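Student: Okay, here's the structure, questions in a sec.
The values are calculated or read from the model by the stated rules, or taken from the named source; none is laboratory data. Bear in mind the structure is a predicted one, so any value in this text is a computation, not a measurement. Quick reminder, even Gly has a Cβ in these numbers, built from the backbone with ideal geometry, and neighbours come from all protein chains shown. All accessible areas refer to the heavy atoms of the entire protein, side chains included, with ligands and DNA or RNA removed. Shrake-Rupley method; radii C 1.70, N 1.55, O 1.52, S 1.80 Å.
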Amino acid sequence: MQVVFQDGSRVHLNAGSRIRYPKQFGWSERRVELSGEGWFEVSKNAKRPFIVELGLMDIKVLGTTFDVKAYEEDQMIMIALETGSIEVNASNYESFRMEPGDKALYDKCSRRFEIHRSSDVTKYSTWREDRLIFRSEPNTISRNYNIEFEVKDTSILDYSYTITIDTTDWRIALKELEKITPIQFKEKVDKIEVYKRD
């Protein structure tokens, strides 16, 4: 889903995401609240910063494009900055500035921040083009396809995988995962059962 705000800024929302925003932005700032994942393209206005509230932190933006992943049930918050610069303010931390190509990870439990340089931060927002890149993130499949999984053999949770899929058909996605992992998926009425292949 895409939301266009009255100032021309916009956000693409990923599956299972929610955003709250006022009917009209205030004179001194433009403030929204995000739960989930969104890719923002913010119109530049130095006199009215754009602020994204994530619960445990705020992102202050003047004009930029970035992806932020902050689902309530996930332990980590991820921010990937594509263009411009942003200022991140979190409890127990001094605010810090991110530059293009930076990826920030915040652990909600330990309240620890890490910033890394990424060779291609745009890969984190490929979901906007119906391309999914899985990196050992089972929640990604559940959220994007609205499917419940039941793991029948917990030993498969020890496996790590990376795959890029250019499809919105979850059956094709699972068949591709079966090709590169020792995992088998069985479709039931209300869920998918996950087994280790013999």
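Student: Cross-link list Lys123/Lys175; Lys103/Lys152; Lys108/Lys196: which exceed 27 angstrom alpha carbon to alpha carbon?
Tutor: Lys103/Lys152; Lys108/Lys196
Student: Quick one: if you stick a label point 7 Å off each Cα along the C-beta vector at Lys196 and Lys47, how many nm between them?
Tutor: 6.5 nm
Student: In nanometres, what is the gap between the two model label sites at Glu72 and Ser142, each 7 Å from Cα along Cα-to-Cβ?
Tutor: It works out to 1.4 nm between the two label points.
Student: Please compute, for the alpha-carbon atoms of the chain, the extent along each of the three principal axes and give them in descending order in Å.
Tutor: The principal-axis extents, from largest down, are 62, 32, 27 Å.
Student: Return the loop-located GluC sites (Glu not before Pro) in the stretch 1-86 (DSSP other than H, G, I, E, B) with at most 11 other Cβ atoms within 10 Å of their own Cβ; answer none if there are none. Can you show the working numbers first?
Tutor: On the way: sites: Glu29, Glu33, Glu37, Glu41, Glu53, Glu72, Glu73, Glu82; in loops: Glu29, Glu72, Glu73.
The qualifying sites are Glu72, Glu73.
Student: Here's a follow-up. Given the protein chains as shown and a 1.4 Å probe, how many square angstrom of Lys191 are accessible, to the nearest 10?
Tutor: 50 Å²
Student: Ranked from the most accessible area to the least, with a 1.4 Å probe and all protein chains present, what is the order of Thr154, Thr65?
Tutor: My answer, sorted largest first, is Thr154, Thr65.
Student: For the stretch 1-54, which chymotrypsin sites (Phe, Trp or Tyr not before Pro) pass both filters: DSSP loop (anything but H, G, I, E, B) and at most 12 other C-beta atoms within 10 Å?
Tutor: Taking the stretch 1-54 and a limit of 12 other Cβ atoms within 10 Å, the loop chymotrypsin sites (Phe, Trp or Tyr not before Pro) found are Trp27.
Student: Now for a separate question. In nanometres, what is the gap between the two model label sites at Ser155 and Val3, each 7 Å from Cα along Cα-to-Cβ?
Tutor: The modelled label-to-label distance comes out at 4.6 nm.
Student: List the residues of the stretch 95-111 whose backbone N lies under 12 Å from a point placed 7 Å from the Cα of Ser85 along the Cα-to-Cβ direction.
Tutor: Counting backbone N atoms under 12 Å from the label point, the list is 96-100.
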